Amino acid sequence: MKLRHLAGLALSVPTALGLGALLLSEAVVTSPPDGPAAHYLRNSIADSGAINVVTTVLLDYRAFDTLGEASVILASVAAISALFAGAAPDRSEQGLSILVKTSVGYLTAVFWIFPIYIVFHGHLSPGGGFQGGVSLAVLVILVYVVFGSRRASAWLTSSRLHVTESASAFGFLLLGTVGIAQGLAFLTNAAAGFPTGSTGNLLSGGVIPLLNLAIGIKVAAGLGSIYLDILSSDGSR
Amino acid sequence: MTPEVPYYMVLGLVVVCALGAVLIRGYITSIIVLSIFSITVTVSFAFLRAVDVAMAEAVIGAGLMTAVFVTAIGKTRRRS
């Protein structure tokens, strides 16, 4: 380690620690007692019927911001697939041994349960479409690593994942236009006629479970196709 | 032992893992330390009761980014 590395460390570590401590104390001190956070905590169940306040903020009060985040992922997927377009997948990969293939083949059914649970219980428990979708994308990676790209690329192709991602993003937008059709705001939840159900049930929260499902499929297909695009590039270009 | 002590221990581990991920020479070792960093950040988020963020950090940092980094380095390494 050179001397200038040490000097950089000696400068940057205290600066980062001090800035972090300053920001944390500022955030705690300046949070107003009757600001938006207090309003959300008081009214979120009455407004949307969903228990998880974080999900209510993400998909009801601030659903338009979530649409922006989803389009950031869409843009990055489009950029990566444009970079690596046309490269054939590496078909020499055979995957792992027969022992791993057989056991993971059975266990994959169990691995499906966790992401699906996370997505469908997004309005009741921590998690939601994004977390469950990333878990599904990791499942795509697992299938490719274990079974090898020769077998997996027969049905799990990058272009199919792109189509799935675009379709679910379109579904998110369609759900948002229900409010506009009735003269309300974009992505209106309960006021646009979505039934809020009885609080605590799986079928509650109005449009929130449907938006969670759309985001889950979209994130899973998008991040999975990022991995497949990187995998199919030959690295020399 | 006050309840804050385990939290500060986890925060110290976060700093150690972050420095290790930057300073360690080998690519693969650095990636592994980076995923350990994600796990420690996840634990600190769980201490702060931000379970949604902790879940996202766990699946992205430890699951997805590790696979993407390992694949990218395997693709770009010169074959000799």
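Structure above, values below:
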| read-out | value |
| --- | --- |
| Matching option when the condition is open to solvent by less than 50 Å² (accessible area, probe 1.4 Å) and within 11 Å of another protein chain (Cβ to nearest Cβ), among B:Ala21, B:Ala50 | B:Ala50 |
| Residues that are touching a residue at least 40 places away in the same chain (Cβ under 8 Å) and either basic (Lys, Arg) or within 25 Å of B:Ala67 (Cβ to Cβ) (or both), drawn from the stretch B:1-48 | B:Tyr27, B:Ile28, B:Ile31 |
| Selection status of A:Gly216, in contact (Cβ under 8 Å) with a residue 40 or more places away in the chain, touching a helix residue (DSSP H, G or I) at 6+ places or on another chain (Cβ under 9 Å), surrounded by 18 or more Cβ atoms within 10 Å (Cβ to Cβ) and within 25 Å of A:His162 (Cβ to Cβ) | yes |
| Test result for B:Val15, in a helix (DSSP H, G or I), facing another protein chain (nearest Cβ under 10 Å) and over 25 Å from A:Leu139 (Cβ atoms) | yes |
| Hits in the stretch A:197-213 - residues which are in a loop (DSSP other than H, G, I, E, B) and surrounded by 22 or more Cβ atoms within 10 Å (Cβ to Cβ) | A:Gly205, A:Gly206, A:Val207 |
| Search result, residues across the stretch A:72-105 that are outside any helix (DSSP H, G or I), at pLDDT 70 or above and of a type outside the set (Ser, Thr, Tyr) | A:Phe84, A:Gln94, A:Gly95, A:Leu96 |
| Residue match in the stretch A:187-196 (condition: assigned to a helix (DSSP H, G or I), farther than 24 Å from B:Ala54 by Cα and either touching an Asp or Glu at 6+ places or on another chain (Cβ under 6 Å) or touching a residue at least 24 places away in the same chain (Cβ under 8 Å) (or both)) | yes |
| Unique residue being open to solvent by less than 30 Å² (accessible area, probe 1.4 Å), under 22 Å from A:Leu231 (Cβ atoms) and in a helix (DSSP H, G or I) when the list is B:Ser44, B:Ser38 | B:Ser38 |
| Residue in the stretch B:62-69 that is closer than 19 Å to B:Leu13 by Cα, more than 10 Å from chain A (Cβ to nearest Cβ) and in a helix (DSSP H, G or I) present | no |
| Selection within the stretch A:180-196 - closer than 28 Å to A:Val77 by Cβ and open to solvent by 70 Å² or more (accessible area, probe 1.4 Å) | A:Ile180 |
| Candidates A:Thr164, A:Thr177, filtered to the one that is away from chain B (no Cβ under 12 Å), within 15 Å of the chain's Cα centre (by Cα) and either part of a helix (DSSP H, G or I) or crowded, with 18+ Cβ neighbours inside 10 Å (or both) | A:Thr164 |
| Residue ID - most open to solvent (accessible area, probe 1.4 Å), chosen from residues in the stretch A:142-161 that are within 14 Å of chain B (Cβ to nearest Cβ) and of a type in the set (S, T, N, Q) | A:Ser158 |
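Results for (1) in a loop (DSSP other than H, G, I, E, B); (2) open to solvent by 70 Å² or more (accessible area, probe 1.4 Å), shown as yes or no for each residue.
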site: A:Ala109; (1), (2): no, no
site: A:Ile116; (1), (2): no, yes
site: A:Gly122; (1), (2): yes, no
site: A:Gln131; (1), (2): no, no
site: A:Ala137; (1), (2): no, no
site: A:Val140; (1), (2): no, no
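The values are calculated or read from the model by the stated rules, or taken from the named source; none is laboratory data. Predicted model, so just to flag it, every value in this text is computed and none were measured. Cβ: placed from backbone, ideal geometry, glycine included. Neighbour counts: every protein chain shown. All accessible areas refer to the heavy atoms of the entire protein, side chains included, with ligands and DNA or RNA removed. Shrake-Rupley method; radii C 1.70, N 1.55, O 1.52, S 1.80 Å.
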